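The values are calculated or read from the model by the stated rules, or taken from the named source; none is laboratory data. Everything quoted here is computed from the prediction, not taken from an experiment. Cβ sites come from the backbone with ideal geometry, for glycine too, and all protein chains shown count toward neighbours.
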Amino acid sequence: MKGPRSSSLPGISDESLLSFSSWLENNKSLGIDPQDHYHSVLHGIAGSPGVAIGRVYLHTNADIWVAARSIDEADIDREIARFRIAVDAVIAEREGLIQRTRETIGHRQAQIFESHVMLLQDEELIGKTIRRIRNERRNADYCFYIALQEAIDIIDRVATDPFFKERASDLEDVRASVLHQLAGDSPDDPERDLVSETVVVAHGLTPSDTARMPSDKVIGFITDTGGPTSHASILARSMGIPAIVGCARASSTIAPGQTVIVDGYSGHIYIDPDEVLREQVRRWRERLAERTRILEDLATVPAETVDGHRVSLELNIELPDEITRMSKFPTDGVGLFRTEFLFLARDDWPDEDEQYEVYTRLAKAFVERPVTIRTMDVGGDKLSRRLHVEPEDNPFLGWRAIRISLAQPDVFRTQLRAVLRASAHGNVRLMFPLVTSVDELRQAREHVEQAKAELDSRAERYDSEMLVGTMIETPASVMIADELAQDSDFFSIGTNDLVQYTLAIDRNNEHVAALFDTSHPAILRLINRTVIAGHRAGIPVYVCGEMAHEPVAAMLLVGLGIDGLSMAPGGIPELKQLIRQFSLADAQQVAREALEQTTGEDVRKLVRHAFSERGILTP
Ligand code: PEP
Ligand code: MG
């Protein structure tokens, strides 16, 4: 038996530290029943680890931000007038709709909009909003939102008849229209309105929404949609803040201004916690910090198996603002720099110099360590305002990643020149996303050659030996990995997309999130095939999808021969601790057996059994 090398590490497998919720469960014996200390609790999918307490800022389904803002006494009448004007505008708009619907569809259908007008003329509802503006001195958007939410809650609680249930969606519809009107004259703006320690609650967050958020103020996200590999989760992980995704109805249940505890480990959200629960969070954090300090002592030792096999552990970076902070982590380099975040949330493309500045900053910050810059992977859920005028029916099967780059040679070559110029200042590797054919790879490489020629003509410096790698993200690329390897200096497996495209699981869809299984034998066999093809051609094979930080996967990936794992920094110390407890021979044996299993659950059982048999402590 191979004993753990660091069994002296206390607390590493302390079950109560796995999540704040398990800590609370554990503390029941101390007489603290969590139920007595919050208003309500919701459950979602754990998207990014961490625990945060903060005030809610709501980003509505209708793409509007609703903040609870205080207003001055002197501005109350103006705020009420602003509200009345918005309501009148929506009534006028609905009256137009009634007219048109009567003429084109029929009287019965027009009744829907008649009911909207009645709602907006309801003195009770309007009066409630106005009283709240006056008494609480809050902005109209917030007060109207709350008044409607109270009505929706009542319908949800008491209505059994589908007809009455439908009234709730009419209320939501009317609310969205009035909020849009209000936003039109004084839009809520996250940059301006967010106070520190804010938890953003939204139906869904696009990567550009997420990237727009002031990272010094946002301490957590909650979304109705999404799964652990959706980009909102990935961004939250890279920002080091907790996120809960796939929490259906969170955005219609949690109100702006409420206080919530976000447990990004378990997916629990505690709404309106009292002081007892807040104190529990403080205590839990102290214990966690203690454990983190212990793990950080591992910073200076390599990720090496007990028989001396070295695995490189690298970082995934999303936002340019993170470069300096991330470069302080004791890691082997950057396995994935997602450049598309430079391209999102803006109306123009970043020019060559702007990109060059960011890539050079990255290369210099990591000094000798390799940094892998991926060409822009816009598309899918990462929509650029500049590009996507028309929404696509199947964006993940549509215009995305290398397809966009190849279709826009000017944009692509601008990026390639910027990366090449940065390569003169450090150890830069380039990588292409979502390659599905040799033809695409050859075209992309041809653009690299042309970009070099363009720089030569300008007498600009670059690393002529810069490595160029291919991401393996689809079953197609696995099946032609032998051929792709001929034109690649390395492979990097994007398991988020490989799982999505192999198992036909939309990585953003909470309804199928539970089926997103990185231990599925199909996935392990595809990875195995990729490693064999890469090594046969003499090139290294890395993994940079979220699978890389899963403990079960780590042993399998090492056993399958993966040369390096790249992930958000949070997972690195734990993974190092794990890798240092088994031998390569053990991992190879377990991986061989895993390839023969029938289901993902069988694979997980096998690895967990291997952990317990060898006394391996897991994070
Ligand atoms: C992946 O697909 O695993 C990957 C790393 O790329 P992204 O998550 O940016 O699509
Ligand atoms: Mg991908």
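Looking only at the stretch 356-365, decide whether some residue is surrounded by fewer than 24 Cβ atoms within 10 Å (Cβ to Cβ) and either part of a loop (DSSP other than H, G, I, E, B) or modelled with pLDDT under 95 (or both). Taking every residue of the stretch 356-365 in turn, none turns out to be surrounded by fewer than 24 Cβ atoms within 10 Å (Cβ to Cβ) and either part of a loop (DSSP other than H, G, I, E, B) or modelled with pLDDT under 95 (or both). Just so you know, in the stretch 303-337 the residues that are in contact (Cβ under 8 Å) with a residue 40 or more places away in the chain and of a type in the set (D, E, K, R) include one that is surrounded by the fewest Cβ atoms within 10 Å (Cβ to Cβ), and it is 307.
Number of residues in the stretch 525-561 that are over 15 Å from residue 594 (Cα atoms) and either free of Cβ contacts under 8 Å to residues at least 24 places away in the same chain or among the aliphatic types (A, V, I, L, M) (or both) equals 10.
Yes/no per residue for (1) within 16 Å of ligand 2 (Cβ to nearest atom); (2) free of Cβ contacts under 8 Å to residues at least 60 places away in the same chain:
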{"site": "350", "(1), (2)": "no, yes"}
{"site": "355", "(1), (2)": "no, no"}
{"site": "374", "(1), (2)": "yes, no"}
{"site": "404", "(1), (2)": "yes, yes"}
{"site": "412", "(1), (2)": "no, yes"}
{"site": "423", "(1), (2)": "no, no"}
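With respect to residue 456, is the statement that it is touching a helix residue (DSSP H, G or I) at 6+ places or on another chain (Cβ under 6 Å) and not hydroxyl-bearing (Ser, Thr, Tyr) true?
no
Meeting the requirement of 1 or more residues that are among the hydrophobic types (A, V, I, L, M, F, W, C) and closer than 19 Å to residue 325 by Cα, the strands (runs of 3 or more DSSP E) wholly within the stretch 203-272 are 218-223. Residue 373 meets each of the listed conditions (1) of a type outside the set (D, E, K, R); (2) part of a helix (DSSP H, G or I); (3) in contact with a Phe, Trp or Tyr (Cβ under 6 Å, 6 or more places away or on another chain) apart from (2).
Per-residue answers, yes or no, for (1) within 16 Å of ligand 1 (Cβ to nearest atom); (2) part of a helix (DSSP H, G or I); (3) among the β-branched types (Val, Ile, Thr); (4) surrounded by fewer than 16 Cβ atoms within 10 Å (Cβ to Cβ):
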{"site": "485", "(1), (2), (3), (4)": "no, yes, no, no"}
{"site": "497", "(1), (2), (3), (4)": "yes, yes, no, no"}
{"site": "511", "(1), (2), (3), (4)": "no, no, no, yes"}
{"site": "548", "(1), (2), (3), (4)": "yes, yes, no, no"}
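Does the stretch 464-476 contain any residue that is under 30 Å from the mean Cα position of the chain (by Cα), within 16 Å of ligand 1 (Cβ to nearest atom), closer than 25 Å to residue 525 by Cα and part of a loop (DSSP other than H, G, I, E, B)? Checking the stretch 464-476: at least one residue is under 30 Å from the mean Cα position of the chain (by Cα), within 16 Å of ligand 1 (Cβ to nearest atom), closer than 25 Å to residue 525 by Cα and part of a loop (DSSP other than H, G, I, E, B). Residues in the stretch 289-300 include none that are assigned to a helix (DSSP H, G or I), under 19 Å from residue 67 (Cβ atoms), free of Cβ contacts under 8 Å to residues at least 40 places away in the same chain and not aromatic (Phe, Trp, Tyr).
Applying the set (1) among the hydroxyl-bearing types (Ser, Thr, Tyr); (2) under 26 Å from the mean Cα position of the chain (by Cα); (3) surrounded by fewer than 21 Cβ atoms within 10 Å (Cβ to Cβ) to residue 300 leaves exactly one unmet item: (2).
Given 335, 308, which one is small (Gly, Ala, Ser) and within 16 Å of ligand 2 (Cβ to nearest atom)?
One residue alone meets the criteria, 335.
Among the residues of the stretch 506-547, none is identified as β-branched (Val, Ile, Thr), modelled with pLDDT of 95 or more and farther than 17 Å from residue 560 by Cβ.
Across the stretch 517-546, which residue is nearest to ligand 1 (Cβ to nearest atom) among those that are in contact with a Ser or Thr (Cβ under 7 Å, 6 or more places away or on another chain) and not in a helix (DSSP H, G or I)? Ranking the candidates gives 545 first.
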